[in-house]
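Worksheet: one structure, shown below.
The values are calculated or read from the model by the stated rules, or taken from the named source; none is laboratory data. On a predicted model such as this, the values are computed, not experimentally measured, just so you know. Every residue, glycine among them, receives a Cβ derived from its backbone with ideal geometry; neighbour counts consider all protein chains shown. Keep in mind that these areas ignore ligands, DNA and RNA; they rest on the heavy atoms of the full protein, side chains included. Shrake-Rupley method; radii C 1.70, N 1.55, O 1.52, S 1.80 Å.
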Amino acid sequence: MAIAAGEMSQDQFDQRVHDYIIAHPEVIMEAIQGMEARQREADAAEAKATLASRADDILRDKHSPVGGNVEGNVTMVEFFDYNCPYCRQVAPIMAQAVADDPQLKIVYKEFPILGPASVFAAKAALAADQQGKYVEFHKALFGAKTRVTEAVVLKVAAEAGLDVPRMQTDMQSPEIQASIDRNMELAQALKITGTPGFIVGDQIFPGATDLDTMKKLIERARGLQK
């Protein structure tokens, strides 16, 4: 005979719950999935609010290098690390997206999370920007097809026609470290924890993607502006 919950002792109630879970283990997975879905929704809502409140930092930070059409009508932002294999994989896809879309602007966010060599490369790239050679150097580093060590950075810089001694001096400037620190803080606020991480319109898109998906994100962002 069923016993009303109010008539049960705590031990009886606990045993009933235990027996039910043992008999129906799928309820645990359902509960976990529901909790994860609610957390994803909350994270997405928080990220969109951050996109709106930090738009200047994301899209118009004067210390963030720019590629593509600097006056373009759609902006794609990328957080990346030169030693990230997925960033290297997506680099030619981004180049193709820029080639196919004359109105696409790229904002580069140096996000060196894979160790000291990545930090060295990020500082070198920002120093290259001071010589007006950021995009060329950026592409050359991803084209190295090897781990980007300090030696590789210096070799690529020389091959790209940079004034290497000047670059090494500029790398030490507090402004360059501050730029990287801002990117780190911004990524944390946007809940971007890995590379690459893209922002297109009101979407934060983690991970590498194919050209077709990238173009769809760009066109969706363009449609939001109409």
Yes or no: region 82-99 includes at least one residue that is more than 26 Å from K145 (Cα to Cα) and of a type in the set (V, I, T).
no
Report yes if some residue within region 186-205 is more than 22 Å from the chain's Cα centre (by Cα) and surrounded by 14 or more Cβ atoms within 10 Å (Cβ to Cβ); otherwise report no.
no
Among the numbered conditions (1) touching a strand residue (DSSP E or B) at 6+ places or on another chain (Cβ under 9 Å); (2) modelled with pLDDT under 95; (3) of a type outside the set (A, V, I, L, M, F, W, C), tell me where T146 comes up short.
(1)
Quick check on my filter: what residues within region 126-141 are outside any helix (DSSP H, G or I) and open to solvent by 50 Å² or more (accessible area, probe 1.4 Å)?
Q130, G132, K133
Inside region 113-125, can you point out the residues that are open to solvent by less than 10 Å² (accessible area, probe 1.4 Å) and under 18 Å from the mean Cα position of the chain (by Cα)?
S118, A121, A122, A125
Please list, ordered by residue number, the helices (runs of 4 or more DSSP H) wholly in region 1-100 having 2 or more residues that are open to solvent by 80 Å² or more (accessible area, probe 1.4 Å) and farther than 30 Å from V119 by Cα.
10-23, 26-53
Yes or no: S53 at pLDDT 90 or above and of a type outside the set (V, I, T)?
yes
Picking from K109, K133, K155, the residue that is closer than 18 Å to F205 by Cα, modelled with pLDDT of 95 or more and of a type in the set (K, R) would be K109
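Please pick out the residue among A144, A221, A158 that is touching a residue at least 60 places away in the same chain (Cβ under 8 Å), surrounded by fewer than 20 Cβ atoms within 10 Å (Cβ to Cβ) and over 16 Å from Y108 (Cβ atoms).
Of A144, A221, A158, the one residue that is touching a residue at least 60 places away in the same chain (Cβ under 8 Å), surrounded by fewer than 20 Cβ atoms within 10 Å (Cβ to Cβ) and over 16 Å from Y108 (Cβ atoms) is A221.
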